[in-house]
Each structure stands twice: as structure tokens, then as C-alpha cells.
Amino acid sequence: MGKNDFYSSSSLSSVYGTSQTEPNMRVEFERTMDGHYPEIAKSQPALLRKMRLDGNGQKTKCSCVDNFYSEPEKDRFCPICFGEGYLWDETALKIYRVLGNSDTDNALLNFAKEPGLINIPVVIFYVWYSTAITEADKIATLSLDTSGSAIVPNKRTGIYRIEKSWDYRSDNGKLEYFKLFTRQESVKWLNSPSYSEA
């Protein structure tokens, strides 16, 4: 019988820790995202669009929102909220993206509408356990170069609304990572429009 390096004492101590008999999921997730020889990093850069909340936990409206209709300005570009209608801040985020669909992923994104059933494509993002993220926030994907680095200046390629946020827990309820079920939003302005001189 050949030697199994996975169960050697050195591999056990690096993956499981000296006193553990099960894998450390945080370590495994870190190695999946950032790589650890011989594994290659799987993460890619993105942006977390964190919505600003008031004292009641409600999203803060932008000044472009009409007081009568409670709708953001749709025809003109708002440089503050980009047509979102609410104030937000964006920070760098590492993601691992998986494409799915609402049938197999249990995301409950099938809606019965006239005249039939609409199947909404689901995009799943895995993010760090330490990321403070809620279902009010959004994920913005970025344009990447051939090596996987974000193009500078950053150019958003999509905005994804978080429909469900599942916190995966393992040892003694310790939070390991988040799995986010999202759908892409159709927005008019992903980036600031460029105006050419006449």
C-alpha cells in the first residue's frame, strides 16, 4: 500500500492543526481564495457597495430622490448615487464567483407572474467571514485584465443585488464564510459617463 501524503503528520498539522481531527474551514477557505502551494488562488477583485443606514436601519436617501414620487432621478446622471437613489460607500472585496440557477440552488428566485414562470439566473458569491455584509448591500464586479487584476481606473461590469446571505458555520458554531445568492440588476449607469468635448 502506497503512502498517502494527505494523512502524513506534516500535512495533518498544517491543515488540521496539532489537536484537530477535522479540517480548519477558515484555513481551507483562505487557501481557496488566496492560494497555498500547490493550490492556485481562486478569488477575484470586486467592490462591496455598502448602503448607508440611518438610526432606524433604513437606507439613507440621496438628494436626487424626488420628495413627491420618492424616486431617484432616472434621466440625468447623479454623481453621488449613480441612480441608486440611496447613499453608499464602496470598498475593495475579494470574491469567488459561481454561476447557478434558481432551480438547483434553492435560492427561491422563481416568481409566478403572468403569463407564466420567470426563471431568474442566480450568481453565487463566496466572501470572507470577516466581511460585514447584509442583504441591503450589493456586489459590483470589475473589469479584469488577462492576469486577473482589476483594470485601473476601476470599471464596474455589473451590480448584483443580494437576495439571500447564508452564514456557514462549523466548529462550535464558528463563522467560516458567507455564501451570497444574488441576481444581476439592470442599471443605467455602472460608471460615471464620459463626456466628450464638442
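The values are calculated or read from the model by the stated rules, or taken from the named source; none is laboratory data. It should be emphasised that the depicted structure is a prediction, and the values quoted were computed from it without experimental measurement. Neighbour counts run over all protein chains shown; Cβ positions are idealised from the backbone, glycine included.
Key figures
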quantity: Unmet requirement for Glu73, which otherwise passes all of (1) in a loop (DSSP other than H, G, I, E, B); (2) within 20 Å of the chain's Cα centre (by Cα); (3) modelled with pLDDT under 80; (4) of a type outside the set (A, V, I, L, M); calculated: (2)
quantity: Complete set of residues in region 139-184 that are surrounded by fewer than 17 Cβ atoms within 10 Å (Cβ to Cβ), aliphatic (A, V, I, L, M) and touching an Asp or Glu at 6+ places or on another chain (Cβ under 9 Å); calculated: Ile151, Leu175
quantity: Out of Gln58, Gln44, sole residue that is over 25 Å from Leu142 (Cα atoms), within 25 Å of the chain's Cα centre (by Cα) and of a type outside the set (A, V, I, L, M); calculated: Gln58
quantity: Candidate set: region 114-135, residues that are within 30 Å of Ser170 (Cβ to Cβ) and outside any loop (DSSP other than H, G, I, E, B); chosen: the one modelled with the lowest pLDDT; calculated: Pro121
quantity: Residue list for region 76-96, restricted to those being surrounded by 17 or more Cβ atoms within 10 Å (Cβ to Cβ), in contact with a Lys or Arg (Cβ under 9 Å, 6 or more places away or on another chain) and outside any loop (DSSP other than H, G, I, E, B); calculated: Tyr86, Trp88, Tyr96
